[in-house]
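Step one of this worksheet: look at the structure below.
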């Protein structure tokens with residue numbers, strides 16, 4: 001039996017915001033309200049939920065970008081926040097709103113990341129080009145500024161950046177949002193191949209039910225900062241008496257994605 005790559009126990013996160021005309025009133029928003037789950041090594045674990053459910057907040061905590069206000073987090077045997085550096089060296093993160101130096105080329109952005117991890121230039125360039133090719137990226141665009149690339153091209157560069165150091169854990173926060181169907185399929189196929197070839201542990205947040213069912217070994221459903229359902233896609237459908245994951249979601253949270261998304265934003 002595989003060991004545990006991620007252990008999250010009773011994790012809580014509260015954001016405090018000032019409201020009112022004079023902004024004197026402090027309002028608390030509970031982004032995570034006692035989340036507990038585990039991800040096994042080599043597993044693809046999916047997180048479904050509308051905006052505001054806590055998915056991105058949870059990913060930021062796992063990637064050391066945010067501190068939890070309570071609970072315990074263990075990543076690959078290292079506890080947070082005590083071992084942030086060790087975790088950062090072993091985790092790759094891809095975000096739907098990935099930040100780049102957009103005046104620089106894909107090559108320059110990727111080499112910058114590689115140098116931070118001690119990679120030699122030739123090795124880094126070869127690996128970056130290999131990953132981009134596997135993602136269906138045109139190698140002739142390698143020296144183009146990021147600002148001249150499409151949303152899909154930029155997202156592929158973001159994935160290549162996360163994979164340059166061959167991390168044992170990959171956190172994918174809506175990696176295919178906004179991509180055209182061809183680019184989405186290329187990214188999904190690469191994720192499948194990566195898991196099979198490298199045994200990489202992957203946490204994937206998504207709004208795409210078909211993507212979750214295709215890629216994930218197990219799925220957790222978040223709403224209002226709580227994990228309300230968890231299991232394989234077949235287990236979730238059986239437990240909910242549903243024919244598909246969308247029906248599972250509706251029964252788990254009592255609303256459609258669109259209704260909950262209108263109420264709050266992550």
Original post:
Given the conditions (1) surrounded by fewer than 17 Cβ atoms within 10 Å (Cβ to Cβ); (2) more than 20 Å from residue 62 (Cβ to Cβ); (3) out of contact with any strand residue (DSSP E or B) (no Cβ under 8 Å at 6 or more places or on another chain), which single one is not true for residue 135?
Top reply: (1)
Original post:
Going by the conditions given, is residue 152 farther than 19 Å from residue 55 by Cα, out of contact with any strand residue (DSSP E or B) (no Cβ under 9 Å at 6 or more places or on another chain) and not in a helix (DSSP H, G or I)?
Top reply: no
Subject >> Qualifying position, being at pLDDT 85 or above, closer than 20 Å to residue 63 by Cβ, touching a helix residue (DSSP H, G or I) at 6+ places or on another chain (Cβ under 9 Å) and surrounded by 15 or more Cβ atoms within 10 Å (Cβ to Cβ), among 159, 221 >> reply: 159
Original post:
Quick one: would you say residue 82 is under 22 Å from residue 3 (Cβ atoms) and assigned to a loop (DSSP other than H, G, I, E, B)?
Top reply: yes
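The values are calculated or read from the model by the stated rules, or taken from the named source; none is laboratory data. Computed from a predicted model, the values in this text were never measured in an experiment. Note that we place each Cβ from the backbone using ideal geometry, even for glycine, and neighbour counts take in every protein chain shown.
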